[in-house]
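Trainee: Pasting a structure below so you can have a look.
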């Protein structure tokens, strides 16, 4: 349904870029209503403008808090043009039809950030400045216009000034229902983000005045699948600088989260792992499909890829060291979605940017949140983050672990923590050589891990095994022993721990109990 714009209400905080749009409205003979600073801006352009006060018969009052909150304004926005009773009432009370609403919002987030940076303000002064930037009339007008998009256009962002200006020129001041609906959707997104920012400020359990960041709402191209919608709430700029590539998708973000959770664990390493070593991991569908620790980034990449070169295709890559040219040339040979690193050498970046859609993220040193969230049924589960790797290192097997086994066990325990349960990780020389994850039984996870290792011709003799939870029976240590495993690490806690311990003692196998389970559902 095409609609002609005959009147517009303009009340904006940001006026940069507004002039061409106002000029176009004037050239098309559209009546302009406005308030305060926006009205003065339009008058300076020499363009006729009707003060909103002429409609409401009230001046701006209460220090500017009340300007547009009036039945005449909202009647003009919400009046339905195809409902005769609405039109009769609008005529009775002298309410004009408003066909275009151009309204943005007070800069709440910017005010919070500037106040947080100004340490000379008292908490009372800061609170007052922030509270006054909570817009009331703006969101109400935007929501009203978006609700009534069947009859009018709503513009809630200065970024859309040029687009609407061109549209009005091309279509002689008319819009289609599809165009109005698209503008309405964006308007609701902007208001939703604004409300979340305000909620975050008030919900901050620490001093509201010193809040450093607020979440941002970002619409994804789609969700997990093309028929699903997706929105991200958060601030990615705190964690990454994107150096190349297309926008991150919903699935990208899920895998990137898994990759960052993993690599952050290698920044606080337990005994037995060299802090100076490079760790390189490949993530696929949130699970680690290849990972290794080596003296150079290139060697870590080669060994990590060798762990499962088939699954690596289209994966998310992450490392704890700078990407150099040798590594970049090696990585450039395969297809991957995302590469995350703390830094990139210039010559390496030049190689990696050769594919314009390839996403390159420079990871900051900012700590991850201490809580995690998951939606279930009609609510949300909240829990503390799974920090740490073990509460104890208790040798309970037939012998103590060797130095090499300790290093591999510590490495395997971190890797296994980041696999979906039930999970088993097989490691040799700080390289993942087999894994089983997301299985309905632990013994099946181990069978899958052994088969993976055999698929890529790894020798399991002398390898170690990590389990994310206890062994309910001794079948896992038996099968592992038969495959060549010499050392095991697991949290313990089964009523039949003694069966697994006894088997290890009888067969001179090492076993470490950590006292910390790492289920990942």
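Trainee: Say we look at the range 430-457 and pick out the residues that are touching a residue at least 40 places away in the same chain (Cβ under 8 Å) and assigned to a loop (DSSP other than H, G, I, E, B); which of these is surrounded by the fewest Cβ atoms within 10 Å (Cβ to Cβ)?
Mentor: 456
Trainee: Return the residues of the range 479-521 that are surrounded by fewer than 16 Cβ atoms within 10 Å (Cβ to Cβ) and touching a strand residue (DSSP E or B) at 6+ places or on another chain (Cβ under 9 Å); say none if nothing qualifies.
Mentor: Those that are surrounded by fewer than 16 Cβ atoms within 10 Å (Cβ to Cβ) and touching a strand residue (DSSP E or B) at 6+ places or on another chain (Cβ under 9 Å): 493, 505, 515, 521.
Trainee: Here's another thing I want to ask about it. Based on this model, can you work out whether residue 426 counts as surrounded by 24 or more Cβ atoms within 10 Å (Cβ to Cβ) and in a helix (DSSP H, G or I)?
Mentor: Considered against the rule, which asks whether it is surrounded by 24 or more Cβ atoms within 10 Å (Cβ to Cβ) and in a helix (DSSP H, G or I), residue 426 comes out as no.
Trainee: Restricting to the range 98-136, name every residue that is surrounded by fewer than 16 Cβ atoms within 10 Å (Cβ to Cβ) and in a loop (DSSP other than H, G, I, E, B).
Mentor: Those that are surrounded by fewer than 16 Cβ atoms within 10 Å (Cβ to Cβ) and in a loop (DSSP other than H, G, I, E, B): 107, 118, 119, 120, 122, 132, 136.
Trainee: Same structure, new question: Of all residues being surrounded by 15 or more Cβ atoms within 10 Å (Cβ to Cβ) and assigned to a loop (DSSP other than H, G, I, E, B) in the range 29-39, which is farthest from the chain's Cα centre (by Cα)? Just the residue, please.
Mentor: 30
Trainee: Return only the number of the condition from (1) modelled with pLDDT of 90 or more; (2) part of a loop (DSSP other than H, G, I, E, B); (3) under 19 Å from the mean Cα position of the chain (by Cα) that residue 312 does not satisfy.
Mentor: (3)
Trainee: For the range 1-28, which positions are surrounded by fewer than 15 Cβ atoms within 10 Å (Cβ to Cβ), in a loop (DSSP other than H, G, I, E, B) and touching a strand residue (DSSP E or B) at 6+ places or on another chain (Cβ under 9 Å)?
Mentor: Selection gives 2 alone.
Trainee: Could you list, in sequence order, all residues of the range 458-472 that are surrounded by 23 or more Cβ atoms within 10 Å (Cβ to Cβ) and over 18 Å from residue 265 (Cα atoms)?
Mentor: 463, 464, 465, 471
Trainee: A follow-up question, please. Conditions first: (1) closer than 26 Å to residue 355 by Cα; (2) at pLDDT below 85; (3) surrounded by fewer than 18 Cβ atoms within 10 Å (Cβ to Cβ). Residue 226 passes all but one, so which condition is the exception?
Mentor: (2)
The values are calculated or read from the model by the stated rules, or taken from the named source; none is laboratory data. This is a predicted model, so every value here is computed, not measured. Quick reminder, even Gly has a Cβ in these numbers, built from the backbone with ideal geometry, and neighbours come from all protein chains shown.
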